[in-house]
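**Student:** Can you read through this structure? Questions will come right after.
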Amino acid sequence: MKIFFSLHSFILICSTFILLFNNENFSQSNEFIGTKTLEKDGKVSFQTIPTINNDEQQSLDEHLYGKKSADGEQFVLGGTILWSTQDPVSIANFVALNGTGSSAITGWGLNDMRATLYNDINSTPIWNFNTQPYDPAVDISSDGSVIAVTSANNFYLLNPSTGNIDYQLTLPDSFYASSVSVSRDGSMAVFLANAWGNSTTYRIYAMNISGTPSIAWTYDVPLSAVTNWAGVNFSASGTTVAVTGRYHLYIFNSSDGSLIWDHFLDNTESAPAISGDGTVIATADNSGFVQTWHFDSQTNEYFLLWQYRVPPGAFSNWASSVGISADGNTIMAGSLIFLSAGYEGSVMCFDTYGDGSPKWVFSGAGDLVDDIKLSDDGKVAVAVTWGDLAHTRPDMMVFDVETGALTFNVVSPGSFFTCDISPDGKRVFGGGKAVHAREFGNGGRIFLCEIDLGGGHVTGTVDILSSPDDSGVLVRPIGSIRSAVTDVNGSYLIENITPGTYTVLAEKPGNNYALITNVIVDEGQTTTGVNLLVFPYPFLPPTLSASTNLPGAIMLSWNALTPNLQRKQEIAKMVGDDLTPENFSGTSTKTMNQTNKKVNDLFPNSLPVGVDSVAIYRALISGGPYNRVGSVGSSQSSYTDSSVFPLRDYYYVV
């Protein structure tokens, strides 16, 4: 049974903090805060102007050193550079990969401005498209058939084979085009147009490119609302578009341009991060906040899940970049930290449906972390940074997200500004400037890298008995961090499992567990036909109630469980007893997955299950996703959840 409960037991204790917190979050200055580009004699450097921190100075120790990488099995084993190249005068301002990582597009700026397409074989350009005297922005569809470029007051669609113009849209003289994003399926492109000359209007253009290219819709905003566009991104589904200006966030329905939601931001220079289905949005701003919103289908608005602030020192440290996995479960952010002398940077990882505290923090990035991208499943992430002035630290870093381990990196004599990752996490692409961003100079570098994920794969189906929808079942080899969730047909694919012999477990709230033993995984091979059958709980679940009689905790209680003969038979099989299935007529014995291990031995890295148990699941939004937070023996009828926070809504399933 599901129950909704909101923890309000000690609001008064925290109310003063919340009021101060919100006041600081929505403050802004009329003075320029951000990064200025300085040009002199054809050379470029960047001047960073932070907000002065007028509050009491805080220590960064907890942020930089309080979160360490977790122990456990690594998903990412390493990587290699497929190729790299250096341009003598141009800087790589934008890079993008197609879905397989076999096509890489770069927008070169400052000098010899052009868009260049490469393949994954070598660094010899397939073609160059001249955009002089203006810098280009670029993007590419998943299949590589659509390449979009913006430059000055022009939007181009280029032929991927020749680089010739297939379509050109010239904007009015009052606009110049900046960032561009192409939907994965290549049916749409959205680009941002800044005000030019005396104009005070900024515009968003959406292009329908599935047939004859045309303008699908536009959206105008005043200069005061954005000051400058920061970035634009499609959801992986292509249904939703997120746009940030310096002081505003906009969320659109991509098909008709209807505004779903807009919100004030406190001085951002980062493009927004959006989940694959568009339900989760994350932003980073120069007041140091990483903020995450979730869509509420009842109100048709986004509500704040949590926010985290990079602790301020003498100045307001920045949250400088943000990324999210397509599955929406993992968020990563970068920072720029202003030391008393010099700069530092960090990379932070968050569980979207966690408490807003970093799972881990990688410190020592050297300077501003400029861009972050994650694989669709959130297992692999790439971050790029300006790096330290001595060039002893990495400029491009690839992380094993589960453990926080830095598994591959590139150290260059310059700074990196931009990166991309293929959806499967097997290719990363990054680039930037040949000398440090804070030094005058020109020239740029790009690197295309192969990431080693290792292991073998397991595929199969899970059937939920008598259910037309077999989606949402979590399938994982016990003892491995690898997992997958079934689609509506029950199909799943678990990739990059360390070779060995496993028991594969399938679970979903409201259903009994299913197990299959002796699944052999070989390096580089796919084990097929690992099919499981799960049974819905055959009786009504217990009536659930909740209270907050305990400070800082929610106590759940329920009525006694109805005996479950089906479960009794499964448990007997698990512990090696041989009970006849006479009480289970009509149920095929082959669906009763067997193992000679006791139940507790099956979950060495999980919460205790016991001989038989009640599992407690919790979510931050109605309908889930639900995460198992605990379990108790079947004879117990209560559970106290102490890992809760004030002013939060919680949803439970037992």
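The values are calculated or read from the model by the stated rules, or taken from the named source; none is laboratory data. Note that the structure is predicted; figures quoted are calculated from it, not measured. Neighbour counts are summed over all protein chains in view; Cβ atoms, including those assigned to glycine, are modelled from backbone coordinates with ideal geometry. Surface areas here come from the heavy atoms of the whole protein model, side chains and all, with no ligands, DNA or RNA. Shrake-Rupley method; radii C 1.70, N 1.55, O 1.52, S 1.80 Å.
**Student:** Work through the residues other than Tyr134 whose Cβ is under 15 Å from its Cβ and net out their charges, Lys, Arg +1 and Asp, Glu -1. Write out the running numbers ahead of the final one.
**Tutor:** Working: positive: Arg114; negative: Glu39, Asp112, Asp135, Asp173.
Neighbour charge sum, excluding Tyr134 itself: -3.
**Student:** Could you state the per residue volume, in Å³, of the convex hull enclosing the Cα atoms of segment 108-234?
**Tutor:** Working: hull volume 13.8 nm³, N = 127.
Per residue, the Cα convex hull of segment 108-234 comes to 109 Å³.
**Student:** Also: On the full set of protein chains, 1.4 Å probe, figure out the accessible area of Tyr156 and give it in Å² to the nearest 10.
**Tutor:** 30
**Student:** Separate question: Counting just the Cα atoms, what span does segment 86-127 cover along each of its three principal axes? Round to the nearest Å and put the largest first.
**Tutor:** So the extents along the principal axes, rounded to whole Å, are 30, 17, 15.
**Student:** By average Cβ neighbour count within 10 Å, what is the ranking of 313-321, 346-354 from highest down? Spell out each step's value before the answer.
**Tutor:** Working: 313-321: 25.1, 346-354: 22.8.
Taking the mean over residues of other Cβ atoms within 10 Å, the ranking is 313-321, 346-354.
**Student:** Taking amide hydrogens as modeled 1.01 Å from N in the peptide plane, which residues meet the under 5 Å criterion relative to Arg445, leaving out close sequence neighbours?
**Tutor:** For Arg445, whose amide H was placed from the backbone, the distant partners under 5 Å are Asp87, Ala92, Gly432, Lys433, Ala434.
**Student:** Name the long-range amide H neighbours of Asp296: under 5 Å, sequence gap of 5 or more, or other chain; modelled H, no Pro or chain starts.
**Tutor:** Glu301, Tyr302, Phe303
**Student:** Could you tell me the ratio Rg/Rh of segment 135-197? Both radii from Cα atoms, Rh via Kirkwood. Walk me through the intermediate numbers first.
**Tutor:** Working: Rg = 11.5 Å, Rh = 11.7 Å.
Reported Rg/Rh, Kirkwood definition of Rh: 0.98.
**Student:** Once the Cα gyration tensor of segment 389-548 is found, what semi-axes does its equivalent ellipsoid get, as square roots of 5 times the eigenvalues, in whole Å, sorted largest first? Intermediate values should be presented prior to the final figure.
**Tutor:** Numbers: eigenvalues 386, 79, 36 Å².
Square roots of five times the eigenvalues give 44, 20, 13 Å.
**Student:** Which whole-number percent of Cα pairs in segment 91-172 have a distance greater than 15 Å?
**Tutor:** Values: 1691 of 3321 pairs.
Summing the P(r) of segment 91-172 above 15 Å gives 51 percent of all pairs.
**Student:** Here's a follow-up. Leaving ligands, DNA and RNA out of it, work out the accessible area of Leu620 with a 1.4 Å probe and give it in Å² to the nearest 10.
**Tutor:** 20
**Student:** Between Rg and the Kirkwood Rh of segment 311-445, both from Cα atoms, what is the Rg to Rh ratio?
**Tutor:** Details: Rg = 14.2 Å, Rh = 14.7 Å.
Ratio of gyration radius to Kirkwood radius: 0.97.
**Student:** What does the accessible area per residue of segment 217-352 come to in Å², with a 1.4 Å probe and no ligands, DNA or RNA counted? Could the numbers behind the result be given before it?
**Tutor:** Working: 3800 Å² over 136 residues.
Dividing the accessible area of segment 217-352 by its residue count gives 28 Å².
**Student:** Hey, which of these cross-link pairs are over 28 Å Cα-Cα: Lys43/Lys359; Lys379/Lys508; Lys373/Lys433?
**Tutor:** On the way: Lys43/Lys359 40 Å; Lys379/Lys508 21 Å; Lys373/Lys433 19 Å.
Result: Lys43/Lys359 exceed 28 Å.
**Student:** Only Lys, Arg, Asp and Glu count, each charged at its Cβ (+1, +1, -1, -1), so figure out the dipole size of segment 395-515 about its Cα centre, rounded to 20 debye.
**Tutor:** Values: 8 positive and 14 negative charges, 80 e Å.
For segment 395-515, the charge dipole is close to 380 debye.
**Student:** Ok, one more. Non-local amide H neighbours of Ser103 (under 5 Å, H modeled in plane, Pro and chain starts lacking H): which ones?
**Tutor:** So Ser103 has HN proximity to Asn98.
**Student:** Quick one: compute the contact order of segment 260-393, relative version, from alpha carbon pairs under 8 angstrom and 6+ residues apart, as a percent. It would help to have the intermediate numbers written out before the result.
**Tutor:** On the way: 369 pairs, mean separation 24.8, N = 134.
Worked out over segment 260-393, it gives 18 percent.
**Student:** Counting Lys and Arg as +1 and Asp and Glu as -1, what is the net charge of the other residues whose Cβ lies under 12 Å from the Cβ of Ser183?
**Tutor:** Values: positive: Arg184; negative: Asp139, Asp143, Asp185.
Taking every other residue near Ser183 into account, the sum is -2.
**Student:** Can you tally the net charge around Pro499? Count Lys and Arg as +1, Asp and Glu as -1, for every other residue whose Cβ sits under 11 Å from the Cβ of Pro499.
**Tutor:** On the way: positive: none; negative: Asp522, Glu523.
That works out to -2.
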